[in-house]
Amino acid sequence: MFARWQQSRCDAYARGVVDTTPLTRAVDHFADRLRAAPQSRLQRGAAAEALGLARELARRAQVLEGVEPRVMPDAGMFAAADQITVAAHDLAVVIAGDADVDDAVRLVEEAQKRAGV
């Protein structure tokens, strides 16, 4: 009896899990490109674009968590890659559905294009 209940709980959990791999892959790629970018590219706007993305991803995660959104601070151009990574992974934990994942991936890809990395 317990084994059947446990299996039904596992099946219910598996149906509710959202695959956030596309989001984490897109963010990891963008972060790697930022880390490899020369300082001049970061200064020309790539870091600012990444910070804007990090702030938006963090805002979305906080809204989904039901907390009052706070603005992610500017930790400097060399921290931008880490900031988008942390914000995206926070969002990945609370994201609600595949459409939300697709929307977040689109944001990341657009920000990377604007950043030119």
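Criterion first (in contact (Cβ under 8 Å) with a residue 60 or more places away in the chain and either open to solvent by 50 Å² or more (accessible area, probe 1.4 Å) or under 13 Å from residue 91 (Cα atoms) (or both)) does residue 63 satisfy it?
Taking the combined requirement at face value, the residue does not satisfy it.
Considering only region 76-94, how many residues are of a type in the set (Val, Ile, Thr) and within 13 Å of residue 26 (Cβ to Cβ)?
So the count comes out to 2.
Within the bounds of region 91-101, is there any residue that is open to solvent by less than 80 Å² (accessible area, probe 1.4 Å) and closer than 19 Å to residue 43 by Cα?
no
The values are calculated or read from the model by the stated rules, or taken from the named source; none is laboratory data. Nothing here was measured: the structure is a model prediction, and the numbers come from that model. Heads up, the Cβs are rebuilt from the backbone with ideal geometry, glycines too, and the neighbour counts pull from every protein chain shown. Each accessible area value is taken on the protein alone, full model and side chains, heavy atoms only, with ligands, DNA and RNA left out. Shrake-Rupley method; radii C 1.70, N 1.55, O 1.52, S 1.80 Å.
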